[in-house]
Structures are given as structure tokens and as C-alpha cells.
1. Between 28, 182, 209, find the one with the highest GNM mean-square fluctuation for the chain; connect C-alpha pairs within less than 10 Å.
2. By count of other Cβ within 10 Å, fewest leading, how are 47, 212 ordered?
3. Listing 116, 186, 205 from the residue with the fewest other Cβ atoms within 10 Å to the one with the most, what is the order?
4. Is the shape of the range 177-220 best called rounded, prolate or oblate, per the rule: a/c under 1.5 gives rounded, else a/b larger than b/c gives prolate, else oblate, with a ≥ b ≥ c the square roots of the Cα gyration tensor eigenvalues?
5. Report the label-to-label distance for residue 78 and residue 184 in nanometres (one decimal), using points 7 Å from each Cα along the Cα→Cβ vector.
6. Round to a whole angstrom and tell me the spacing of the C-alpha centers of the range 57-79 and the range 151-214.
7. When N counts the residues of the chain, how does its alpha-carbon radius of gyration compare numerically with 2.2 N^0.38 Å, as a ratio?
8. Counting DSSP beta bridges in the chain, what percent are antiparallel, to the nearest 5?
């Protein structure tokens, strides 16, 4: 048994959720096609997506990524009428107290500049940042949208554990995992968790906002982890969530053909990891 697996088994305060399989991790190459599809169908998605109301949106990249990784999403939202901001802190190398403080300062700056609440979007680990920032500054946050973010379930139910250690310089054995129990708490603002059962990096059950007021989880069927911020289905869904009027948040309800692309009825007690035919 590997070092990470032994540590994972010892953390009995968390549900025993397995990391994605190696075949799911290998299938992440599809993210390149999702990105190219996002570019190819950019104009079409922009035409059918609801227009924005001009409020500011802060976008936080995932582990190991920089603002370059969120460029397509931010450009798309700018074209819809929002005012987007990159996180501006270079490469995301893990959850650090100093970066959390800088993120809160960034949020305060955007809020003061516009005089409007800010929607915060985070991909993967960036979604954990987004949720935590919303907990410390809820009066400045309109809503939080996370993309494949591991905020619940088991903190080691991921195929990116070694990458996290390498980028952050931290070893999991030295971490206080009881703090992760606090990460599971929902921020006091509307939250949308977008996930995929074919996520090859984060176990999808670690992205379920289960049974909480003004919180929802949406299955972006068939999507990869890496492509969750650039595929046509992701772009449209994010635009739909952002277009809601302030103080009138409602959960996403796919209708007609949209039910083929989006699912909303999964819970933490759902069945085991899917096969490709049941994603």
C-alpha cells in the first residue's frame, strides 16, 4: 500500500471515497477537444446564453494553473456583459494563508471599485479558495460557482495528491486534516457546484453540495476535470447561473434536451463510480 493510501485509510473522520481510477485520469486528454469545441462553438454559445447585467466576476484557476487557464472563460463572460477579473496571484500552488489573505484583499478591491457584490468562480482547488473567501467576506459576494472542486468527501480522494505536494512544498502527513472538516461547510451565499462523473482528477462525490439551502450540484455529463471551464456545456451553464437576478437565486432545472447534458439529482449516497456508458 502506498504512503498516500495508508494515510487516506487512517483518516476515519472522512467518508471512504475512492480516488478516480487510472482509466479516468488517462481520459483527461479529452480536455483538449473540449477546449477546441469551446473555441469552435464560442459564437453559437454566446448567442444562446443569457446576457449579463454588468456585475463583476472574479475567476480563480485550479492547482498548478495560472490566469492563462481561465482566459477563454473570462473572455466569454466579458462578451456577455460582465466585468471579469483574474485572480492575479500567479500559479496556484495550494491553499496558503497568505494567498487567502491576498484573495480577500482582491475581493475587497473589486467590491469597492464597482459598489456591487462579486460573483466568484473557482476551478478545482480554485473553487476551495472561492468558497473560503465567501465565508470571510459574505457581504461582498453575490454567489460562488465551483468547477470540479473538492470541498467535501475525502481530502485525499484525488489523483492529484502528489502534484499538490510537489507544488505546495507540503507533505500530507504534516497537515491538520481537521481543518478540512471546516472546508466542507457551505458559505452563507448561493453556491453552485459543477462536477462530472468522468472527472479523472477529483472524485465527483467530493463536489456534492448535499441538501443545503441555496446550494446545488450539477453534473456536467461526460466532461473532463481539466476542461470544465472551457467546454461549450460549461460555458453555457456558468452563464445561466450568473444571469440570475441578485437576491432571487433559484436552482438549475434543465428542461427538454438540456437534460441530456446536465443532471441535478445526485447525492453523496449515490452508487459507485460510473462506467463510460453511465456518465
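1. Comparing 28, 182, 209 in the GNM, the peak value goes to 182.
2. In order of increasing Cβ crowding within 10 Å: 47, 212.
3. Listing 116, 186, 205 from fewest to most nearby Cβ atoms yields 116, 186, 205.
4. It comes out oblate by the Cα gyration axes.
5. Roughly 4.0 nm, to one decimal.
6. The range 57-79 and the range 151-214 have Cα centres separated by 20 Å.
7. Compared with the compact-globule rule of thumb, the chain sits at 0.94.
8. So the antiparallel bridges amount to about 10 percent of the total.
Values quoted throughout were computed directly from the atomic coordinates according to the rules given, and no laboratory measurement underlies them. Note that the structure is predicted; figures quoted are calculated from it, not measured. Positions of Cβ are backbone-derived with ideal geometry, glycine not excepted, and every protein chain shown enters the neighbour counts.
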